[in-house]
1. Ile79's amide H: which non-local residues (gap 5+, or another chain) put their own amide H closer than 5 Å, with H modeled 1.01 Å from N in plane and none for Pro or chain starts?
2. Given labels modelled 7 Å from the Cα in the Cβ direction, how far is it in nm from Asn31 to Ser71?
3. Highest mean first, how do 47-59, 63-75 rank when packing is the count of other Cβ atoms within 10 Å averaged over residues?
4. Pop out the ³J(HN,Hα) list for the range 68-73 in order, Karplus 6.51 cos²θ - 1.76 cosθ + 1.60 with θ = phi - 60°, rounded to Hz; leave Gly and Pro as x.
5. Relative contact order for the range 3-84: what percent, with Cα pairs under 8 Å and sequence separation of 6 or more?
6. If I take the Cα coordinates of the range 3-84 and project them onto the principal axes, what are the three extents in Å, biggest first?
7. Just subtract the alpha-carbon distance of Val48 and Leu14 from 0.36 nm times their residue separation and send over the number in nm, one decimal.
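What follows draws every value from the coordinates through simple rules; no lab data is involved. Being a predicted model, the structure only gives us computed values, none of them experimental. Please note: Cβ atoms are built from the backbone with ideal geometry, for glycine as well, and neighbour counts cover all protein chains shown.
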Amino acid sequence: MACKLYDVHAPASLLDHLLAEPGLNLIGCCNELNAGYAADVYAPSRGVGTCVVTFTVGGLSVLNAIAGAYSENLPIICIVGGPNSDYALQEKGALATLFEAFTDAYKRR
């Protein structure tokens, strides 16, 4: 039986791994809150709901849906992407390191 995974712009490396799994159906949502509520609705019928959201703002946006599911004792797994842990050890802000990572990736093309 295929499992549904609700996502909003999952990080590319994670998305590649998820798409490679034959039992997962990735369903895109308009925003993180919608992905959380979709997982909330899916959970009672299948046992667990799952959503994948973006780092920082996405994680904050999905909190209302997660809190609602928690209040109803519904199991939800929320996967939140984040920057590489190597960047956290540097003395730069997360946005600066993400910008550098994207520009480095673009230069390698």
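1. Placed amide hydrogens put Cys51, Val52, Val53 under 5 Å from Ile79.
2. Placing both labels 7 Å along Cα→Cβ, they lie 1.9 nm apart.
3. 47-59, 63-75
4. x, 5, 4, 5, 9, 6
5. For the range 3-84, the relative contact order is 32 percent.
6. Principal axes ranked by extent give 33, 29, 21 Å for the Cα atoms.
7. Fully extending the segment from Val48 to Leu14 adds 10.2 nm.
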